[in-house]
Structures are given as structure tokens and as C-alpha cells.
1. Go through (1) within 23 Å of residue B:189 (Cβ to Cβ); (2) part of a loop (DSSP other than H, G, I, E, B); (3) among the charged types (D, E, K, R) one by one and return the number of the condition residue B:147 breaks.
2. Looking only at helices (runs of 4 or more DSSP H) that fall completely inside the stretch A:73-190, which ones have 2 or more residues that are farther than 30 Å from residue A:24 by Cβ and of a type in the set (A, V, I, L, M, F, W, C)?
3. Restricting attention to the stretch B:43-66, report how many residues are modelled with pLDDT of 90 or more and away from every other protein chain (no Cβ under 14 Å).
4. Say whether the condition of being away from chain A (no Cβ under 14 Å) and buried (at least 16 other Cβ atoms within 10 Å of the Cβ) is met by at least one residue in the stretch B:67-75.
5. Checking residue B:205 against (1) farther than 14 Å from residue B:43 by Cα; (2) in a helix (DSSP H, G or I); (3) away from chain A (no Cβ under 12 Å), which test does it fail?
6. Suppose the filter is over 30 Å from residue A:1 (Cβ atoms), out of contact with any Phe, Trp or Tyr (no Cβ under 6 Å at 6 or more places or on another chain) and either assigned to a helix (DSSP H, G or I) or not hydrophobic (A, V, I, L, M, F, W, C) (or both); does residue A:32 pass it?
7. Among B:103, B:86, B:98, which is the only one that is in a strand (DSSP E or B) and either over 17 Å from the mean Cα position of the chain (by Cα) or within 16 Å of residue B:59 (Cα to Cα) (or both)?
8. Residues in the stretch B:67-94 that are touching a residue at least 60 places away in the same chain (Cβ under 8 Å) and within 20 Å of residue B:51 (Cβ to Cβ): how many?
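The values are calculated or read from the model by the stated rules, or taken from the named source; none is laboratory data. Since the structure is predicted, the reported quantities are computational estimates derived from the model, not experimental observations. Reconstructed Cβ throughout: ideal geometry from the backbone, glycine too, with neighbour counts over all protein chains shown.
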Amino acid sequence: MQREEKQLEASLDALLSQVADLKNSLGSFIYKLENEYDRLTWPSVLDSFALLSGQLNTLNKVLKHEKTPLFRNQVIIPLVLSPDRDEDLMRQTEGRVPVFSHEVVPDHLRTKPDPEVEEQEKQLTTDAARIGADAAQKQIQSLNKMCSNLLEKINKEERESESGGLRPNKQTFNPADTNALVAAVAFGKGLSNWRPSGSSGPSQPGQPGAGTVLAGASGLQQVQMAGAPSQQQPMLSGVQMAQAGQPGKMPSGIKTNIKSASMHPYQRHASIRLKMFPCLL
Amino acid sequence: MEAPPVTMMPVTGGTINMMEYLLQGSVLDHSLESLIHRLRGLCDNMEPETFVDHEMVFLLKGQQASPFVLRARRSLDRTGAPWHLRYLGQPEMGDKNRHALVRNCVDIATSENLTDFLMEMGFRMDHEFVARGHLFRKGIMKIVVYKVFRILVPGNTENTEALSLSYLVELSVVAPAGQDVVSDDMRNFAEQLKPLVHLEKIDPKRLM
């Protein structure tokens with residue numbers, strides 16, 4: 001009994017705070033509508049509605065909470081009705097209910113809807129029961145179908161009007177062009193007519209005087225024979241092997257290197273063989 | 001010549017690492033006018049600036065696999081303007097939330113004998129092009145709309161042909177490293193140019 005009372009107290013407090021929040025947001029919304037109606041935008045109104053809906057949701061959750069006792073089982077009975085002003089009540093209700101009298105009680109302690117409303121609801125329920133389950137189902141289905149048809153029509157209309165209006169000037173850019181231009185500016189794709197982009201360095205395969213050497217190894221020949229460091233630093237031999245066949249930019253430089261080398265051809269071949277192994281590994 | 005991501009390196013002294021934040025898109029020739037009008041409205045109020053630039057890209061091939069790239073740019077319509085040398089690093093990958101392409105950027109103005117100097121240093125010209133278009137500014141953001149022209153005879157900037165029927169649109173900001181809020185501002189600006197142009201982060205490596 002004690003526990004239930006405590007639970008009741010606690011849940012009542014929670015409910016009170018939720019309702020107070022709701023009241024505040026409703027109040028601010030009404031203020032906004034009354035005072036700022038000329039500056040009000042639809043998104044702002046939607047925000048207020050969203051806030052209210054959220055608060056109602058939390059209220060519902062509080063009510064459904066397992067620790068909340070069933071309020072349905074509680075009964076509120078007015079003990080004393082008097083037409084005199086009640087200061088205490090005034091304070092508690094923030095001035096809204098000055099008198100706890102016969103007019104106030106039916107509205108505030110109401111548990112059922114108005115008699116007229118109750119009549120109408122009873123009428124509706126009897127009508128609904130009279131139709132029968134099958135007919136009711138059929139009606140539900142036809143309603144659903146009509147709703148979906150309407151939605152489709154609206155969407156199609158919206159899409160068509162949009163595309164119809166924009167089709168003439170829809171193509172303001174071409175993604176393929178974008179890619180081509182970006183590639184051109186970034187690394188010169190399509191700009192160099194006389195040389196493919198990303199070509200190799202100054203190596204020229206099939207040098208004179210190295211007839212038996214492989215095309216790939218010709219690069220190594222230059223690595224080996226360039227005694228003085230040349231301006232064009234030869235690239236990694238692996239790269240050269242892959243790109244053998246590209247015409248070089250400065251063939252004259254290479255020829256001078258070869259001419260300056262004074263090694264015996266047989267010695268050259270032997271040393272090349274030695275050089276090849278580390279690269280192939 | 002790959003450096004570690006610059007934004008993670010502390011500033012230990014010397015120059016501040018400047019990063020270029022970049023968004024690119026393109027617009028077809030017939031829609032250029034509407035784009036220019038929109039940019040004139042959106043950007044800072046100034047006389048519309050047109051430019052004709054000749055850019056040459058130089059490569060230095062070292063022992064490493066990837067060559068070192070420098071971009072030299074000169075103005076063809078403004079006499080007396082200095083040459084401009086620029087280094088652009090590799091785009092920094094990683095942060096998917098970053099809306100713009102970020103890369104290290106070093107800019108400097110040079111005198112007219114830049115090409116000779118670079119050739120003496122061992123650079124070789126890889127490709128060149130002429131860029132002709134309009135320049136807009138909004139705060140620190142620079143918007144350039146230009147057409148790329150291929151140079152048919154090397155060295156002859158008169159004889160050019162357009163590369164495509166579109167203009168390239170670039171939105172760029174050069175800012176110190178670490179200011180990623182810049183990319184949010186860029187994205188907001190790019191939103192205002194839709195649906196005329198879609199400015200986005202395009203990775204050049206994807207297009208190789």
C-alpha cells in the first residue's frame with residue numbers, strides 16, 4: 001500500500017512536469033502566432049508542431065510506463081464545493097481557477113466526453129457494426145486503393161512538370177567534359193600531341209655498339225657507362241624495361257655519354273650481366 | 001617525392017605550410033553566360049576580370065619513380081606581370097568528411113627567365129596549355145572559369161585549339177594547413193551554384 005502510494009506520487013509528479021512543459025510550449029506557440037504572424041514562416045510553425053508532438057509522445061510514454069499505476073482505478077471526488085474565492089487554488093492554478101464551484105467542477109473533473117459527443121460516438125459505432133465485417137473490409141481496401149492512385153497521379157504530375165520545365169536547360173554541364181578537363185590540367189592528358197602523356201625519360205633502346213644486348217638492358221648500359229653524372233639522371237631500370245620503346249627527348253646527350261666511355265666491349269658485357277642480377281631480383 | 005601528410009606535421013619554423021583546397025566542375029559553352037551572371041551576383045563586387053594565361057608544366061625525373069612537378073604560368077594579356085611558379089603536392093586522402101581536395105601548395109612570383117632556369121636545373125617541359133577565362137573572388141575563395149586550349153606547335157601560343165566544348169570551373173582557397181572549416185564554406189558556396197555547375201572533389205589519380 002505504501003509502495004503504491006509512493007508510486008502514485010512519483011508518477012503524478014512526472015505527469016505534472018510533462019504537462020507543464022506542454023503548456024509552456026503551447027503558450028509560446030500561441031504567442032508566436034498572435035504576435036509574430038507577419039514574420040512567421042512555415043518551417044517555424046512546423047517546428048512548433050514538432051515540439052508539441054514530441055512532448056505529447058513523452059507524456060504518453062510516461063503514462064504507459066510500468067511504474068505508473070493505473071490512473072483509471074483512481075477516482076477523484078470533490079469534497080467541498082463553495083462559490084467563494086479560494087486563494088490557495090488560485091495560487092496553484094496560476095490564477096486560472098479562482099473558485100471551486102459547481103460550474104468549474106464538471107469541466108475540470110470530467111472523465112467522459114460531452115453527452116452530445118457520446119451520442120454521436122455511439123451512433124457511429126452502431127453504424128459500423130451494422131455493415132458487417134466483409135463489407136467493412138471491402139470498403140477499407142477500396143479506400144486504400146484510391147489513396148494510392150491519387151498519390152501516384154500527384155507524383156507523376158510533379159515529376160513531369162519538373163522535367164518538362166527543366167529539360168531545355170537541364171544539360172548545363174557534361175561530366176565527361178569535366179573529367180577530361182581535370183585530367184588535362186592535372187597531368188596533361190590530351191594536351192601533348194607529339195608525345196603521349198606520362199612517357200619515360202631520356203632512355204633510347206637499341207643503342208649502337210650494343211647489338212647483342214636486350215632492349216631492356218640498354219638502359220643498364222647507360223647506367224653503367226655514364227661515368228660523369230649526366231643531366232638526365234637515368235630512371236630505375238625496372239621502369240625503363242617497362243617503357244622501352246618510347247622515343248627519348250635528348251638522344252644527343254646519350255650518344256656523347258656512350259662515346260666517352262672507354263671500356264672494352266667484353267668487359268662491358270660482363271659488367272652488364274653482373275648489374276642485371278640485382279635489378280631482376 | 002612524397003611527403004607525409006602536411007596537416008599532421010607541426011609547424012616548427014620557417015614558412016607556414018599552405019594548403020590548396022580545391023573543388024572542380026565544368027559548364028558547357030552555352031550555359032557560360034548564366035554562370036557568369038550568377039557568379040557576378042554571388043561574388044565580391046568588382047570589375048569582371050578576364051585573363052589569358054600560358055601554363056607550362058615541368059618535370060624533374062629523379063631516382064624515384066614519380067617525377068617532381070613544377071608549374072610555371074605567365075600572363076599573355078598583361079604585360080609586365082611576373083611569372084608565377086607553383087608546386088602542388090599529392091592530394092591528401094583520408095578524411096572523407098573533408099569536402100574539398102586538399103594538397104600542399106607553394107607559390108612564388110619569378111622573373112622572366114624562369115624557363116631557362118628550370119631547364120638548367122634539369123627540368124623538362126612535359127606539357128603546356130593556354131587558359132582563357134574569367135576570375136572571381138569571394139573573401140578568400142577564388143573562382144576561376146576558363147577554357148583550356150591545346151597548343152599545336154610547341155612554343156607558339158597563337159596557334160591553339162580548344163580542348164573541349166566546356167569551361168572548367170575551379171573553386172579554390174589557399175589557406176594554412178589545418179583549417180578544414182574552409183572546406184565547409186566552399187561546399188556551401190558550391191551549393192549555390194547548383195544546378196548550373198556541380199563542383200566536387202575530383203581525384204586526378206582516378207582519371208589517369
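1. So the condition that residue B:147 fails would be (2).
2. A:115-131, A:133-166, A:175-187
3. Of the residues in the stretch B:43-66, 3 are modelled with pLDDT of 90 or more and away from every other protein chain (no Cβ under 14 Å).
4. Within the stretch B:67-75, one or more residues are away from chain A (no Cβ under 14 Å) and buried (at least 16 other Cβ atoms within 10 Å of the Cβ).
5. Single failed check for residue B:205: (3).
6. Details: over 30 Å from residue A:1 (Cβ atoms): yes; out of contact with any Phe, Trp or Tyr (no Cβ under 6 Å at 6 or more places or on another chain): yes; either assigned to a helix (DSSP H, G or I) or not hydrophobic (A, V, I, L, M, F, W, C) (or both): yes.
Criteria met by residue A:32.
7. On the way: B:103 fails: either over 17 Å from the mean Cα position of the chain (by Cα) or within 16 Å of residue B:59 (Cα to Cα) (or both); B:98 fails: in a strand (DSSP E or B).
On inspection, the qualifying residue turns out to be B:86.
8. Of the residues in the stretch B:67-94, 2 are touching a residue at least 60 places away in the same chain (Cβ under 8 Å) and within 20 Å of residue B:51 (Cβ to Cβ).
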